[in-house]
Structure formats: C-alpha cells, structure tokens
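Structure record follows, encoded as structure tokens.
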Amino acid sequence: MTRTQETALPRHHAWNAVQNLPDGPLDLVGDIHGELPTLDTLLGHLGYTPSGTHPQGRRLVFLGDLIDRGPDSPGVVRRVADMVERGRAFALMGNHDLNAILRLPKKENTWLFDHGPVSETETKVANDRDREEILGFLARLPVALRRDDLRLVHACWDDAALKLLEGETGATQAFSRHKERIKATLGANADPIARNLALQNGNPMKLVTSGPEVRAPQPFFAGGKERHEARHPWWNDCAAGPMVVFGHYWRIPVTGIQKDDGLFRGVPLNRTLGHGHAMCIDYSVGGRWHDRKEGRLHGPFTGRLAALRWPERTLVFDNGEQATLDQPGRDA
Ligand SMILES: [Mn+2]
C-alpha cells in the first residue's frame, strides 16, 4: 500500500519530523504567505478543482510558510488543511508556521495573535476558534518529506539535523529541547554573534526551517535592526542525491523591504542551484504586501507564485507562464 501523509499522520498520531511521499506526479508549491487569490489562480492554471482534485490524479505539495503578510492567511490554511485532510495534498512546516505554533509574537502575525495593529495590507484576522484550528493543523506538519526521487524541505536539507529529529514527538517540544541544550552548552560567556549562530545552526528545527547562517563580513540592516549573521548558500555543498526542492529564499528581489543578499544574482528563475541537485521555488509572492503598502493595491507586483511539476521538471507561474528547469553552468 502506498503510504500517504493521511495514513502516516492521523489527527492524533504522534508527530513525525520526516515523512514519506507516495509515488505519482506532483505539483510542488513554494511559500504562499497568505496570498489566497494568487494560490487559487495558480491552482487553476495547474488544472486543479478548488477542492484540490486533478483529472490526471496529480497531487499538491506545499513547502511551508503558508501564512503571514498576505491578505488571507486563515483562508490559505483552511484551503490547504482541507486538501491535506482529504489525502489530496501534502504540506510541510516553514519558519513562519513554526513561529506561529511557538506562539512567538511577530509583526507579521498580528492577524493570528492580536498583539498589535493589523498590517497595512488589511490582512484577514483569525477569531479564537480559527486560531486553535490553524495552530492545530500547523503543529502536525512534518519538516521534511521524501521519496526516492525527491527531498522536500522549507529552507535546508541537512541529513544530520533530520537525524536529530528522529523520535521527537512534537515540533515545539523538539525546538525547545534543542534550544535549552544549546544554551546549556554555551554558558553565559559566549559572544552574542556566536550565541545567535549556535542557536540557529545547532537547533535542527531552526536549521531545516530557516537555513544555516554565518558571521557576516560586515554588519548590515534588515528588518529595522543591525544584523551580524548572513544566510549561507548551503546548496553549493549539495553535490549528490535526489533533487532537494525548497522555498524560503526569495529568488526575486523586492526593492525596499530587505537587503538583496545576492544569493541568486544573475541566476535565471528556472535554473537549479549548486551542482544541479537543489532547486528553490520561492518567487517572492510574500513581497506583494509591500507593493500594496506602496499603493499598488492590484499590482503590478514584483513577486510571483509558482509550482514545480514533477517529474516533468516544468515551472508554472501564477501569470500562466511556464519554463523548464535548466542546469547550472550553461553560461559558465
Ligand atoms: Mn521562510
């Protein structure tokens, strides 16, 4: 019998960090960040009904960061949860989803926790019942999905980190246990940057959902604060194995809201990364809140949403454009 997420994780079953995907054609969707109308448009281009069935029996996989910033995070979670619970789709956990279940107040999740003014983009707000349903669904998500030809994760595939999560029975418990372990190891004297890096790279929940960081060559400003840690392009060290598909890293720079970290400078949107064993499919649809804030309520938008069709290796964008994956080194 094919093992599905539904059979692997019934509602009250213990949490498994890494789960197996069944065979069959898939459509892999990157970070949605509450952009429900754009998700619906994309699913239409892919040939899905609104309830997530496909005439050729294809199934969807959502690579995390379902929520925050966009106009309808509760609606996105409801839509995805419905498809996952019917066995028509699979989903895994991103860093925004993890922050939510840890109940960490962030400026992007006022729609969920009512701890400050709802953002400039008029995000739909969750009521008390929505909140518990949303958090219940997000807490059950694995952090990685795999099968013979694919490895799927939100930010970073790391075998050692995933091994550390074997036997963990809950995402928040795993996060907290590793955080306390690292703090105990550091003691009180570690310098703040070394401490931040240890808490990021040493905690498998952080590493797989938001990726490895290194000491920045020089401090820079991001999100209104001075930062000393920079994202590390781990995919350059990914030299073998089934394709890793992930999201998290914005492939299209959205001017004015974050430093262009240069990770994808000059890299075509359809190009695989590193040695061709990794592919990022976050095309920055999460940046549309910024376009709206700047008065472009209905576009034109900088970021896009895309799906990677597998095994076809074709990208389908929310504007209907398509592209086939390309390998690194074409113009070297
Ligand atoms: Mn992310």
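The values are calculated or read from the model by the stated rules, or taken from the named source; none is laboratory data. Computed from a prediction, not measured in an experiment: that's the story for all the values here. Quick reminder, even Gly has a Cβ in these numbers, built from the backbone with ideal geometry, and neighbours come from all protein chains shown.
Overview of values
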| quantity | calculated |
| --- | --- |
| Sole residue being of a type outside the set (Gly, Ala, Ser), assigned to a loop (DSSP other than H, G, I, E, B) and either touching a residue at least 40 places away in the same chain (Cβ under 8 Å) or more than 15 Å from the ligand (Cβ to nearest atom) (or both), chosen from 251, 265 | 265 |
| Hey, residue 210 in contact (Cβ under 8 Å) with a residue 60 or more places away in the chain and within 21 Å of residue 30 (Cα to Cα) or not | yes |
| Selection count, the stretch 83-103, where residues are away from the ligand (no atom under 16 Å from the Cβ) and either part of a helix (DSSP H, G or I) or not hydrophobic (A, V, I, L, M, F, W, C) (or both) | 7 |
| In the stretch 122-152, residue nearest to the ligand (Cβ to nearest atom) [restricted to those that are touching a Leu at 6+ places or on another chain (Cβ under 9 Å) and β-branched (Val, Ile, Thr)] | 143 |
| Unique residue being of a type in the set (Gly, Ala, Ser), crowded, with 16+ Cβ neighbours inside 10 Å and under 20 Å from residue 327 (Cα atoms) when the list is 286, 262, 276 | 276 |
| Verdict on residue 104 being among the aliphatic types (A, V, I, L, M), closer than 24 Å to residue 303 by Cα and either surrounded by fewer than 19 Cβ atoms within 10 Å (Cβ to Cβ) or touching a His at 6+ places or on another chain (Cβ under 9 Å) (or both) | no |
| The listed residue being within 23 Å of residue 18 (Cα to Cα) and more than 18 Å from the chain's Cα centre (by Cα), out of 179, 225, 206, 183 | 179 |
| Flag for residue 66 being assigned to a loop (DSSP other than H, G, I, E, B) and on the phi < 0 side of the Ramachandran plot | yes |
| Residue count for the stretch 105-119, restricted to those that are away from the ligand (no atom under 14 Å from the Cβ), assigned to a loop (DSSP other than H, G, I, E, B) and either in contact with a Leu (Cβ under 6 Å, 6 or more places away or on another chain) or not acidic (Asp, Glu) (or both) | 6 |
| Subset of the stretch 61-76 [crowded, with 22+ Cβ neighbours inside 10 Å and either closer than 9 Å to residue 31 by Cβ or more than 10 Å from the ligand (Cβ to nearest atom) (or both)] | 61, 62, 63, 64, 65, 66, 67, 69, 70, 73, 76 |
| Count of residues meeting criterion [more than 15 Å from the ligand (Cβ to nearest atom) and aliphatic (A, V, I, L, M)] in the stretch 268-286 | 4 |
| Unique residue being away from the ligand (no atom under 16 Å from the Cβ), in contact with a Ser or Thr (Cβ under 9 Å, 6 or more places away or on another chain) and modelled with pLDDT of 95 or more when the list is 174, 155, 160, 198 | 198 |
| Residue ID - surrounded by the fewest Cβ atoms within 10 Å (Cβ to Cβ), chosen from residues in the stretch 223-244 that are away from the ligand (no atom under 14 Å from the Cβ) and assigned to a strand (DSSP E or B) | 225 |
